[in-house]
Amino acid sequence: MADMTIVKNLQSEIFVPITPPPVWAPVTKELKDMKIALVTAAGVHMQSDKRFNLAGDFSFRVIPGDAPVEDMMVSHGGYDNADVNKDINCMFPIDRIRELAEEGFIKAISSVNHGFMGGGGDQTKFREETGPEIAKQLNEEGVDAVLLTAG
């Protein structure tokens, strides 16, 4: 095992909330029987959508499962997204998920996928509004599993 360096008392320029422990759900289906959704905190959205507020935004955008990647873009102020805007798949691998569905590895990609801008923003609103609304939409769509990518 490699040596690890632990640094104490580091500070961030942005508020970093204490993250609660994850809630795990048992996997009850094989991947070939699952509808998979993509959700990203990387700021991906349709070019026709309103851009995210780079100073902090807790809203989300719906990305259709059949939307062409050429119609997608990123607005996010927390990372260099130049490469993502050249190839959305590096942060939002929608073409790869479609390929897995075509191959029968998964049942289908969800027709409802989501993008939001992670980092900063009102964490209470994320926890109490954004997250539950995204979960509600995915549940209504019959999604079995979600691939979540960061920004």
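The values are calculated or read from the model by the stated rules, or taken from the named source; none is laboratory data. Predicted model only: the values in this text are computed from it and were never measured. No Cβ is skipped: glycine too gets one built from the backbone with ideal geometry, and neighbour counts run over all protein chains shown. Areas reflect the complete protein model, heavy atoms only, side chains present, ligands, DNA and RNA absent. Shrake-Rupley method; radii C 1.70, N 1.55, O 1.52, S 1.80 Å.
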Q) Filter the range 142-151 for residues that are small (Gly, Ala, Ser) and in a loop (DSSP other than H, G, I, E, B); which is farthest from Val84 (Cα to Cα)? A) Gly142
Q) Which residue pairs have Cβ atoms under 7 Å apart, sit 6 or more places apart or on different chains, and have a first residue in the range 54-77 that is free of Cβ contacts under 8 Å to residues at least 40 places away in the same chain and closer than 21 Å to Gly131 by Cβ and a second that is open to solvent by less than 40 Å² (accessible area, probe 1.4 Å) and assigned to a loop (DSSP other than H, G, I, E, B)? A) Val74/Gly43; Val74/Asn81
**Q.** Pairs, first closer than 16 Å to Val39 by Cα in the range 116-139, second among the basic types (Lys, Arg), C-beta under 9 Å, six or more apart
**A.** Phe116/Arg61
Q: Determine whether Glu129 is open to solvent by 70 Å² or more (accessible area, probe 1.4 Å) and over 12 Å from Thr40 (Cβ atoms).
A: yes
Q. Conditions: (1) in contact with a strand residue (DSSP E or B) (Cβ under 8 Å, 6 or more places away or on another chain); (2) modelled with pLDDT of 95 or more. Asp95 meets all but one. Number of the miss?
A. (1)
**Q.** Residue list for the range 51-91, filter: open to solvent by less than 30 Å² (accessible area, probe 1.4 Å), among the small types (Gly, Ala, Ser) and more than 20 Å from Ala101 (Cβ to Cβ)
**A.** Gly56, Ser75
